[in-house]
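The values are calculated or read from the model by the stated rules, or taken from the named source; none is laboratory data. It should be emphasised that the depicted structure is a prediction, and the values quoted were computed from it without experimental measurement. No Cβ is skipped: glycine too gets one built from the backbone with ideal geometry, and neighbour counts run over all protein chains shown.
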Amino acid sequence: MRDIRYITFIFYLIIPNLFAQEIKLPSNPLAGQIVFEVKKCIECHAISGFGGNIGPDLSRKYYYGSFLELASIIWNHIPQMDRKYRLLKVERPNFTEEEMLNLIGFIYYLRYLGEPGSVSEGKKLLETKGCLNCHQIKGQGKKVGPDFKKIAEYTSPIYMVQAMWNHGPIMQERIKKMGMKYPTLSGKDIVNITVYLRQFTGGNTAIRMSAGNPVNGKILFKEKKCINCHSPKSETSNVGVKLTGIDLKKSVVEIAGLMWNHSPLMLEYMKVKSISWPSFTKNEMADIIAYLYFLGFEDEPGDPIKGESIFEQKGCIRCHESGGKGEAPDLTVMKKFGSPIRMIQLMWNHAPKMEDLILSLNEEWPRLTKTEMQDIYAYLKKVTINK
């Protein structure tokens, strides 16, 4: 119950209208959790152990990918889910476009939120990572840097990363002078340290940061000149590593850990080029990280020619014949497919009739990969473009 409440709290903080792309993210990701519960998905699928155990726990890493990758997993799973609906005598839910977007957006967010930390591990890390050589906590440690108690009221792990990042140049200089090894940190390390420090807050309130706004993050990525070295597009030549070549399907603190571990090389390069170190205030670090995380949500463009071929090979054309001759609607006279969301929503709602027809023909359910989904969407978008 604690995990699901934590998820709910974080979702509530996320700023609306997150990301401008063909697939618009939910205006309020909390709505995705509502869909997940109202449509009774939670009766079969758990989140971090909370919910049913008939289907897989959706907090597993396996279930994170682009929109159409997640959609393909759901689509391929439909026959198995429908059997469970019938067995349990549960009414099969239909979805509107908005509900389908919210649901898939909710699933996509789960990895981003990360896991709860360990107080005991956090205490050990302060010692093993050498933090107490500069900072004090409970009277232990040295007074080179700020006393951890002074910032303990900021209970968000991402706030800790932002404070560490802004302190980075001074901290790295002192580490060199003291002959210490630079402390690399995993996302789990950051969470563990944060929950340990949280015990010593001097105030009555805990100050948190929101999970981040990708739209603001995209703007900040340019304003802070991150884009001068790191391109979100693989075809652009930049100094730093291409972001498309890094696995960013990680939690917010895991991405923060990658940034922190990368900072010594970054600082060295910036000194040579006389570039100022970028600092962050308020929710800026969270926004930047949210932008990086959502780079993987939008799918690459599909191939409409391959999509037409797949549409025929998978047997879709036999029911969706042009001229309305088939058992299913002629897709070429339908309203424009302006977004993959509408395609997936219609496919889900149409699935029971499709499954009945496939069974009557003694054929197998047409499984689709992410790439096939992308190509089919490209084809359907093309043939309905003027409708």
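Values computed for the structure shown
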item: Residues that are of a type in the set (Gly, Ala, Ser), within 29 Å of Phe106 (Cβ to Cβ) and more than 25 Å from the chain's Cα centre (by Cα), drawn from the range 294-321; result: Gly307
item: All helices (runs of 4 or more DSSP H) inside the range 274-321 with 1 or more residues being of a type in the set (Gly, Ala, Ser); result: 284-293, 304-313
item: Restricting the range 50-64 to residues that are of a type outside the set (A, V, I, L, M, F, W, C) and in contact with a helix residue (DSSP H, G or I) (Cβ under 7 Å, 6 or more places away or on another chain), the residue that is surrounded by the fewest Cβ atoms within 10 Å (Cβ to Cβ); result: Lys61
item: Answer residue from the range 12-49, given it is among the polar types (S, T, N, Q) and modelled with pLDDT of 60 or more and is surrounded by the most Cβ atoms within 10 Å (Cβ to Cβ) among those; result: Gln33
item: Selection from the range 322-345 of residues that are more than 24 Å from the chain's Cα centre (by Cα) and buried (at least 19 other Cβ atoms within 10 Å of the Cβ); result: Leu331, Phe337
item: Residue in the range 227-241 that is within 30 Å of Gln136 (Cβ to Cβ) and either polar (S, T, N, Q) or modelled with pLDDT of 85 or more (or both) present; result: no
item: Residue, farthest from Tyr112 (Cα to Cα), within the range 47-88, restricted to residues that are among the aliphatic types (A, V, I, L, M) and over 18 Å from the mean Cα position of the chain (by Cα); result: Leu87
item: Subset of the range 338-387 that is touching a helix residue (DSSP H, G or I) at 6+ places or on another chain (Cβ under 7 Å) and among the acidic types (Asp, Glu) - its residue that is nearest to Cys319 (Cα to Cα); result: Glu355
item: Candidate set: the range 346-381, residues that are of a type in the set (D, E, K, R) and buried (at least 16 other Cβ atoms within 10 Å of the Cβ); chosen: the one farthest from Gly65 (Cα to Cα); result: Lys381
item: Test: residue in the range 280-289 that is within 30 Å of His262 (Cβ to Cβ) and polar (S, T, N, Q); result: yes
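So that you can scan it fast, the table gives a plain yes or no per residue for (1) in contact with a Ser or Thr (Cβ under 9 Å, 6 or more places away or on another chain); (2) crowded, with 19+ Cβ neighbours inside 10 Å:
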site: Lys282; (1), (2): no, no
site: Met285; (1), (2): no, yes
site: Ile288; (1), (2): no, yes
site: Glu300; (1), (2): yes, no
site: Arg318; (1), (2): no, no
